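Where a number appears in this text, it was derived from the coordinates with a stated rule and is not lab data. From a predicted model like this one, the values you see are computed outputs, not experimental measurements. Every residue, glycine among them, receives a Cβ derived from its backbone with ideal geometry; neighbour counts consider all protein chains shown.
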Amino acid sequence: MHTAALIVAGLVAALHVWFAILEGVLFTKPLGLKTFKISAEDAETCKVFAQNQGLYNLFLSAGLVWSFVAEPGLAFQLQLFFLGCVIVAGVVGGVTASKGILFVQALPAAIALVLVLGAGASA
């Protein structure tokens, strides 16, 4: 269970690096426009907000990466905290922006959280 928890939490961290790149670098590029279903004009207007959002996603990823190198007790707490933050962000995004965010962001984090809790219970 511990290995599965680390793998899924690692995938969540990698997803958030990708989200940061998508929002911070590619937002006004064709891939960003297609992903966010936004016009070039609107993307240009909103780009600083997207860059800010991308930075927050990078912080979430950094917290999960930190949990992989922290001592076990702290690692568990960090994983609970940062996965919880990802879930909350995914639910808010799913309610306010796009239902798809629930599946792309919140669901993988929820699966990771369940695995982390299961691994912590068996430790």
#### Entry: Distance between modelled label sites at Val114 and Leu55, nm, 7 Å Cα→Cβ extension
3.5
### Summary
Number of Lys pairs in the chain closer than 14 Å at Cα, excluding neighbours under 8 places apart unless interchain, is 4
### Query
Relative to the first principal axis of the alpha-carbon coordinates of the chain, what is the inclination of helix 40-69, with its axis defined by its Cα atoms, in degrees from 0 to 90 and to the nearest 10?
10
### Query
When the helix-only estimate is applied to the chain (DSSP H runs of n ≥ 4, each -39,500 (n - 2.57), divided by the residue count), what is the mean residue ellipticity at 222 nm, nearest 500 deg cm²/dmol?
-28500 deg cm²/dmol
### Message
Full-extension gain between Val104 and Ser39, please, as 0.36 nm times their residue separation minus the C-alpha to C-alpha distance.
### Response
21.2 nm
### Query
What number, in percent, do you get for the relative contact order of the chain if the mean sequence gap of Cα pairs under 8 Å and at least 6 apart is divided by its residue count?
34
### Query
Per 5 Å bin from zero, what fraction in whole % of the C-alpha pairs of the chain is there, up to the bin with the longest pair?
2, 12, 20, 23, 17, 11, 7, 5, 2, 1, 0
